[in-house]
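The values are calculated or read from the model by the stated rules, or taken from the named source; none is laboratory data. Just so we're clear, the structure is a prediction, and the values are computed from it rather than from any experiment. A quick note on method: Cβ atoms are made from the backbone with ideal geometry, for glycine too, and the neighbour counts reach across all protein chains shown.
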Amino acid sequence: MKTHNQMSLPCWADVTAMDPPASAAFYEELFQWRTTPGTGPESVDYSTFALDGRKVGGISPCTPDIPRPTWLPYIRVADADETVLTVLESGGALVEGPAEINDLGRLAVVTDPDGAMVGVWQPEALLGADVIGLPGSMCWNELQTHDVDRARRFYGQVFGWTASGPPAPSRYTEWHAQGLPCGGMTLVDSRAPARWLTYVGVTDCDAAAEKCEGRGGTVQCSPADTSRGRSAVLSDPQGAVFAITAPRSGDAMRAS
């Protein structure tokens, strides 16, 4: 069983795409990102998104292991191989990896017992995103699950996280790592997929949702006020689902 430490926090997010150049163009227009080509595992084309020169995420082609366009958050860990072993011991499954990514770090993709996919990142040269929690960057991640109690046990065993408050499936729950908020959890209907939903910060949620639709994306859940600010769930033109959130007046944007 792996040892937990203060590293087990969300540190990166990326999206897979059937047509990466078209997908990158969509996000460049939506968030004012710039794309820099690079190389990922096994010579896969992997490009990095940057905001004002600071890395905020990445994009790569869909693979046989991840065949549909998907946004994926990554959790920073001390040892990717040990984390994968703990995932398997705790009822999860391995999707890909662990693999060395040049000199940047070691990567794996796993699923929890409910099938929600999440990335694992053991940093070397790349610690993670240069900025988290500001407009134009990842600011929150939310587990949508069919079994809150099972998720509490799994993520506690794998990452050492705790869930706020007593078990209450109908109530929104926050994950904490070493006392720091690191994400949320909500119960979803059995007809909805179990998944991790990545939030990107924006200054105006309604305007960003309208812009998404104008560029071929879809508004899956219209902008609404939540405890995290004004939020909406969107999908890009290729079907990858993500969310946006803007702080309420007077509130600071909360980082993962």
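Picking from G216, G183, which residue would you name as being among the small types (G, A, S) and part of a loop (DSSP other than H, G, I, E, B)?
From the options G216, G183, the qualifying one is G216.
Which residue out of A194, A207, A129 is hydrophobic (A, V, I, L, M, F, W, C) and either more than 15 Å from the chain's Cα centre (by Cα) or in the same structural domain as L72 (by TED's automatic domain parsing) (or both)?
Checking each option against the conditions leaves just A207.
Modelled with pLDDT of 95 or more and hydroxyl-bearing (S, T, Y), is that true of T111?
Here the answer is yes, as T111 does meet what is asked.
Evaluate the range 144-167: report whether one residue or more is crowded, with 22+ Cβ neighbours inside 10 Å, farther than 26 Å from V87 by Cβ and touching a residue at least 60 places away in the same chain (Cβ under 8 Å).
So far as the range 144-167 goes, no, none of its residues is crowded, with 22+ Cβ neighbours inside 10 Å, farther than 26 Å from V87 by Cβ and touching a residue at least 60 places away in the same chain (Cβ under 8 Å).
Taking the range 119-155 only, how many residues are out of contact with any strand residue (DSSP E or B) (no Cβ under 6 Å at 6 or more places or on another chain) and closer than 30 Å to R191 by Cα?
Final tally of qualifying residues: 8.
Given the options Y155, Y199, name the one that is under 23 Å from T16 (Cα atoms) and of a type in the set (S, T, Y).
Y199
Can you find, within the range 190-221, the residue that is surrounded by the fewest Cβ atoms within 10 Å (Cβ to Cβ) among those that are without any contact (Cβ under 8 Å) to a residue 24 or more places away in the chain and closer than 19 Å to L143 by Cα?
Within the range 190-221, the match that is surrounded by the fewest Cβ atoms within 10 Å (Cβ to Cβ) is R191.
If a residue has to be closer than 17 Å to P237 by Cβ and not acidic (D, E) to count, how many in the range 199-221 make the cut?
Number satisfying all stated conditions: 12.
For the range 222-241, how many residues are over 28 Å from P21 (Cβ atoms) and either touching a residue at least 24 places away in the same chain (Cβ under 8 Å) or among the β-branched types (V, I, T) (or both)?
Qualifying residue count for the region: 6.
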